[in-house]
1. Any idea which of (1) open to solvent by 20 Å² or more (accessible area, probe 1.4 Å); (2) within 18 Å of the chain's Cα centre (by Cα) is the one ALA163 doesn't satisfy?
2. Residue check, GLY172 against (1) among the small types (Gly, Ala, Ser); (2) on the phi > 0 side of the Ramachandran plot; (3) within 15 Å of ligand 1 (Cβ to nearest atom), all met but one. Which one?
3. Kindly provide the set of residues from segment 78-93 that are β-branched (Val, Ile, Thr) and more than 12 Å from LEU109 (Cβ to Cβ), ordered by number.
4. Among all residue pairs at least 6 apart or on different chains, which show Cβ distances below 9 Å where the first residue, located in segment 191-204, is on the phi > 0 side of the Ramachandran plot and the second is in a loop (DSSP other than H, G, I, E, B) and open to solvent by 40 Å² or more (accessible area, probe 1.4 Å)?
5. Given the conditions (1) modelled with pLDDT under 95; (2) assigned to a strand (DSSP E or B), which single one is not true for VAL191?
6. From the list VAL126, VAL187, exactly one residue is within 18 Å of the chain's Cα centre (by Cα), more than 14 Å from ligand 2 (Cβ to nearest atom) and not hydroxyl-bearing (Ser, Thr, Tyr). Which is it?
7. Considering each residue of segment 36-72, count those that are within 14 Å of ligand 1 (Cβ to nearest atom), open to solvent by less than 30 Å² (accessible area, probe 1.4 Å), assigned to a loop (DSSP other than H, G, I, E, B) and not aliphatic (A, V, I, L, M), and give that number.
8. Quick test of your reading of the structure: THR161 fulfils all but one of (1) in a loop (DSSP other than H, G, I, E, B); (2) touching a residue at least 24 places away in the same chain (Cβ under 8 Å); (3) more than 16 Å from ligand 2 (Cβ to nearest atom). Name the failing condition by number.
Amino acid sequence: IEDPKFSISDPNTISILKEAVELLKEDNVIAIPTETVYGLASNALSLNSIKKIYAVKDRPTDNPLIVHVSSLKMLRTLLPKNDDNVGEIPEIYEQIIKKFWPGPLTILLPKSLLIPSEVTCSLPTVAVRFPSHPITRALISLCEFPLAAPSANTSGKPSPTLASHVFTDLNGKIPLIIDGGQCNFGVESTVFDAIGSHGPVILRPGGITFEALYKMPGMENLRVYKKDFFDKELEMNPTTPGMKYRHYSPDAKVILVEIDDKDKSRDVMDREIEKIRKNGKMTIGILATGTSYISSKEKNENNKSLSQGIIEYTLGDSMHPEQIAKELFKGLRHLDECNVDCIIVEGISEKEEGLAVMNRLRKSASRIINE
Ligand code: TXA
Ligand code: MG
């Protein structure tokens, strides 16, 4: 592997990578770790491979895929050629690529004929990302072709951040899952469009924050789609399919409590728990952000009963949204495995990674309580 920025020397890893390359060359779909979430990867330039991705995931065919590259050289081969016969990266992305790649940022670029229209669902743009995970990078550079990879969950479920999550969803459907441990970011990449007529826009908040992108040259007017503006055109296109489809949903019903004041938020949770219990014997899961709900109730004799029969998973401290992002899907999936009937989640502020966390939580929730 001739990339000076990383080196993989473990013989087991190398042999698994070789096996993976063989499978990918034969148009198979395999699961790979990335720094965001696990991906369901296949040759982005092969129509046969692409069709398999949609089939394995049971993904709606109007939801386009992200193409993963392992170098700028590879990226240029995918772009429409200029007069000098070179694939040109739009200038607006230059500094941004320098700063954030490799990493959890996906950018929209003009699509060339090399990429099957099934990848982009016939859109004129293609979403591209240069991941930083050493295994992903090594794999793509060994393949010598880009990999299309959506998140490796069954459509609608929370994205996988552990190899075991992929196994739960796709066991028997794919020939290989590469286990790279827990994903570091835990939410998907930021999908960013700086070439559309609407000016620079974050279509999906993710691992690279609004605050980080906003600091870059030419980004004074950066907006977040759906938060800062809404566009009928955009909504009609599959550019924000997450809005159209049920997403990030565990089997249990999710109730999101979005109340800034922690004491008030906990009072609302008490009320909800009592209400749910009145309606029958339900197992309740709590995804806590901050101090443990259970231990706060156990401190007080009068409140003790509230904590009984509750299964709690602490996502982390709300002052560290990056921790919460990392644990979010793992927590949702964990409570599902515990067979809870409903999950009460405490929201956090939309600052930094909090924006991506709240975006995912609002999509997974069947009810949002904000007063
Ligand atoms: O972090 C990630 O991005 C992960 C890992 C595996 O790389 N992948 C991922 O893929 O989240 P997926 O398929 O779950 O989400 C891709 C998102 C979708 O919301 C899709 O609509 C958007 O990217 N997308 C893809 N192509 C697009 C395009 N041409 N225009 C606008 N949005 C696009
Ligand atoms: Mg996905």
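The values are calculated or read from the model by the stated rules, or taken from the named source; none is laboratory data. Not measured: the values here are computed from a predicted model. Ideal geometry is used to build each Cβ from the backbone, glycine not excepted, and the neighbour counts take in all protein chains shown. Areas reflect the complete protein model, heavy atoms only, side chains present, ligands, DNA and RNA absent. Shrake-Rupley method; radii C 1.70, N 1.55, O 1.52, S 1.80 Å.
1. It is condition (1) that ALA163 fails.
2. (3)
3. First, pick out the residues of segment 78-93 that are β-branched (Val, Ile, Thr): 86, 89, 92.
VAL86 - this is the single residue of segment 78-93 that is β-branched (Val, Ile, Thr) and more than 12 Å from LEU109 (Cβ to Cβ).
4. GLY199/ASN221
5. Looking at each condition in turn, VAL191 falls short on (1).
6. Numbers: VAL187 fails: more than 14 Å from ligand 2 (Cβ to nearest atom).
Exactly one of VAL126, VAL187 is within 18 Å of the chain's Cα centre (by Cα), more than 14 Å from ligand 2 (Cβ to nearest atom) and not hydroxyl-bearing (Ser, Thr, Tyr), namely VAL126.
7. Total meeting the criteria: 4.
8. (3)
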